[in-house]
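To start, the structure under review is shown below, and the notes come after it.
The values are calculated or read from the model by the stated rules, or taken from the named source; none is laboratory data. The shown structure was predicted, so the numbers you read here are calculated from the model rather than taken from an experiment. Please note: Cβ atoms are built from the backbone with ideal geometry, for glycine as well, and neighbour counts cover all protein chains shown.
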Amino acid sequence: MKIAFIVDPLDKLKAYKDSSVAMMRAAQARGHQVFAVGREDLSVRDGLVGARATPLRVSADDKTWYEAGAAQSLPLNALDAVLMRQDPPFDAEYVAATWILERAVAQGARVFNDPRAIRDHSEKVSITEFPEFTPTTLVARAAGDLNAFIDELEDVILKPLDGMGGSGIFRVRHDDPNRNTIIETLTANGTRSIMAQRFIPAISEGDKRVLVIGGAVIPYALARIPKAGETRGNLAAGGRGVVMPLSTREREVAEALAPRLWERGLLIVGLDLIGGQLTEINVTSPTCMVEIAHETDCDPALCVIQALDGQG
């Protein structure tokens, strides 16, 4: 197969831990041809979606992990699969890319994750579809509503709807003297909605990333454990990653969501759970594949390519 990966600039990828690089390596190992595409390489000419696709030869060397060939102009429907792996921010250009990729799907291209599903799926707000699995949660922007939520629950997490890597996350207690300032800052004085959730003490045991690939649940999670004095487990915020088998509860949640998300064209999903409760559903560019593969006999990147093979 010819498989294109829409990714950030190649020289910015950290090959030793990047899930997209791991998938490229797995695809090449199975005899597939790998291409890289930047979001700026997408175009539509007279209705036909195409891209400047750069063929790659990848290696296990994390320092010089790829050799790039000459870029080729290809219609996306000439490729066997296209994986949208562009990192957030989910800005206007990201939305434009989903519009273009949606046209490619209409022309027969196989794009994962499905561009419409990505565009319609807020990684934070999407959990409200599954309240039976989530902590007590409020999405609002009015200070009165947020303050009432804090007064009721006494210990909460506030976070922006478009944040990643732990950015903009605050733990706020009912007696926090800075709570009004935090609310004003996060909501931009009431003009932006944010998410408030009951604080889960089990964060000390890790914010668990559970991968769902092609509707199948990977049996291991990466627990991102906060450093001392922190309530954020995100690796980007200094958390420590520990691979561990799924608990009974984590498997129950993942298996309940897996078929529904796969029906929507979401090939690769990263569920975030704390204490067995669902806090986010990540679909733009879920990670943690490399860490799981290093510590177990399960290779999530290979599972992605096998899922694509099965869809051909």
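May I ask you to list the residues in the stretch 146-169 that are modelled with pLDDT of 95 or more and hydrophobic (A, V, I, L, M, F, W, C)? Within the stretch 146-169, LEU146, ALA148, PHE149, ILE150, LEU153, VAL156, ILE157, LEU158 qualify.
Picking from residues in the stretch 271-312 that are surrounded by fewer than 22 Cβ atoms within 10 Å (Cβ to Cβ) and among the small types (Gly, Ala, Ser), the one that is modelled with the lowest pLDDT is GLY312. Picking from residues in the stretch 160-194 that are surrounded by 15 or more Cβ atoms within 10 Å (Cβ to Cβ) and in contact with a Lys or Arg (Cβ under 7 Å, 6 or more places away or on another chain), the one that is nearest to ASP272 (Cα to Cα) is GLY166. If the condition is being part of a helix (DSSP H, G or I), under 27 Å from the mean Cα position of the chain (by Cα) and surrounded by fewer than 19 Cβ atoms within 10 Å (Cβ to Cβ), then the stretch 123-157 contributes VAL125, SER126, THR128, GLU129, PRO131, GLU132. The C-beta contact set for the stretch 156-171 (first residue assigned by TED's automatic domain parsing to the domain that holds ILE183 and in contact (Cβ under 8 Å) with a residue 60 or more places away in the chain, second residue in a loop (DSSP other than H, G, I, E, B) and of a type in the set (Ser, Thr, Tyr), distance under 6 angstrom, 6+ apart or interchain) comprises ARG171/THR231.
Within the option set LEU76, LEU48, being farther than 29 Å from LEU222 by Cβ, in the same structural domain as PHE112 (by TED's automatic domain parsing), of a type outside the set (Phe, Trp, Tyr) and in contact (Cβ under 8 Å) with a residue 60 or more places away in the chain holds for one residue only, LEU76.
Which members of the stretch 7-59 meet the condition of being hydrophobic (A, V, I, L, M, F, W, C) and under 19 Å from PRO300 (Cβ atoms)?
Going through the stretch 7-59, the residues hydrophobic (A, V, I, L, M, F, W, C) turn out to be 7, 10, 13, 15, 21-24, 26-27, 29, 34-37, 42, 44, 48-49, 51, 53, 56, 58.
Within the stretch 7-59, VAL7, LEU13, ALA15, VAL21, ALA22, MET23, MET24, ALA26, ALA27, ALA29, VAL34, VAL58 qualify.
Filtering the stretch 263-291 down to residues that are part of a strand (DSSP E or B) and charged (D, E, K, R), which residue is farthest from THR128 (Cα to Cα)? For the stretch 263-291, the residue satisfying everything is ASP272. Report whether or not VAL242 is farther than 17 Å from MET164 by Cβ, outside any helix (DSSP H, G or I) and more than 14 Å from the chain's Cα centre (by Cα). Yes, satisfied.
Got a sec? Which of GLY168, GLY163 is touching a Leu at 6+ places or on another chain (Cβ under 7 Å), small (Gly, Ala, Ser) and not in a strand (DSSP E or B)?
On the way: GLY163 fails: touching a Leu at 6+ places or on another chain (Cβ under 7 Å).
Exactly one residue qualifies, and that residue is GLY168.
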